[in-house]
Amino acid sequence: MYIEQAYKSDYSFWKYLLIPGAFIGLMILNFLAIELLNLDVDAIMQSEIKRKGSSRFLIEMLLPFAVGLIALFFWVKFIHKQSITSLTTSRSLIDWKRVLFAFTLWGVITSIMIVVDYQFSPENYQWNFDANKFVILLLISVLLIPLQTSFEEYLFRGYLMQGLGILAKNRWVPLIITSVIFGLMHIANPEVEKIGYIIMVYYIGTGLFLGILTLMDEGLELALGFHAANNLITALLVTANWTAFQTDSVLKDMSEPAAGVDVLLPVLVVFPILLFVFAKKYKWTNWKEKLTGTVKNHKNVGSAS
């Protein structure tokens, strides 16, 4: 069982507070600074992109996540004395085929949705392709975006899911808490300012979807693949002046952002369909136990490797 993998480590709960606490604290300070100082996030981003260029700005935005991932791995390995494999999955080895399947599935679906929307509403898009700039974007994205998404998955669906699970002794508490915190992490994004707090339904819903993937599949592999595809394909294919990722992508969305079907459709329709697909492929059963059951310290879980 995935959460029980934490019992392979030194799972003193205070150790679980430091890295998440530091990260969440920085997010809170960032949000408070924006609110109390009445900062225009979009204007600041545009100014920085104009001054530094979109490629450098993207690198500077993604690098802290790469450093965070290395720090988290170091902390888990040497402070908790837990293997990265047991943080990733309940399987004896990380199943990279699962990562690739989720990445490919969501990458293809996302690409199709963007192309279809472009065909039906070309007036909402501006052709933004520049071969030289795109090659640079491609290199940056392939190297750094998977590190950014992996940090978020390992922190929320991995480290916090396991830590909160052994504290609460059940699965539903870490599922709900990590989903809400994951959603709130995006509260300072420029699209929240443009669309409104209703978009938090999408962010929290995405966290819930990824949490269900992790618990039902007993590992992070599907969540890692999905999240990487989501951010990578979006960064490469379409950008907008009001999103967190503002890149030299193929298309630029010129439409006025609004809270509507784009917020609710993934949570209410797309994610349930994806769960059905994954459940059929990997033969998931016993949903109630895996999502809400108790967490027990079985003696046969083993020791850290």
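The values are calculated or read from the model by the stated rules, or taken from the named source; none is laboratory data. Everything numeric here is computed off the predicted structure, so don't read it as measured data. Neighbour counts are summed over all protein chains in view; Cβ atoms, including those assigned to glycine, are modelled from backbone coordinates with ideal geometry. To get the accessible areas, we keep the full protein, side chains included, count just its heavy atoms, and leave off ligands, DNA and RNA. Shrake-Rupley method; radii C 1.70, N 1.55, O 1.52, S 1.80 Å.
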Report summary line: Screening Lys296, Lys252 for residues that are basic (Lys, Arg), open to solvent by less than 60 Å² (accessible area, probe 1.4 Å), in contact (Cβ under 8 Å) with a residue 12 or more places away in the chain and not in a helix (DSSP H, G or I) leaves only Lys252
Query raised in the report: Which is β-branched (Val, Ile, Thr), at pLDDT 95 or above and surrounded by 14 or more Cβ atoms within 10 Å (Cβ to Cβ), of Val270, Val263?
Result: Val270
Requested in this report: Give the residue, chosen from Lys288, Lys299, that is among the basic types (Lys, Arg) and at pLDDT below 85.
Outcome: Lys299
Requested in this report: Would you please list the contacts, defined by Cβ atoms under 7 Å and residues six or more apart or on different chains, that run from a residue in the stretch 2-22 that is of a type in the set (Phe, Trp, Tyr) to a residue that is surrounded by fewer than 18 Cβ atoms within 10 Å (Cβ to Cβ)?
Outcome: Tyr2/Ser90; Tyr7/Asn297; Tyr7/Val301; Phe13/Leu167
Report summary line: Restricting attention to the stretch 60-98, the residues that are buried (at least 16 other Cβ atoms within 10 Å of the Cβ) and closer than 30 Å to Lys133 by Cβ number exactly 6
Report summary line: Those residues of the stretch 165-207 that are over 22 Å from Phe226 (Cα atoms), touching a Ser or Thr at 6+ places or on another chain (Cβ under 7 Å) and not in a loop (DSSP other than H, G, I, E, B) come to a total of 2
Report summary line: Asn128 fails exactly one of (1) at pLDDT 95 or above; (2) in contact with a Leu (Cβ under 6 Å, 6 or more places away or on another chain), namely (1)
Query raised in the report: Name the pairs: first residue in the stretch 169-187 and touching a residue at least 40 places away in the same chain (Cβ under 8 Å) and of a type outside the set (D, E, K, R), second residue outside any helix (DSSP H, G or I) and open to solvent by less than 30 Å² (accessible area, probe 1.4 Å), Cβ to Cβ under 7 Å, at least 6 apart or on different chains?
Result: Asn170/Gly293; Asn170/Val295
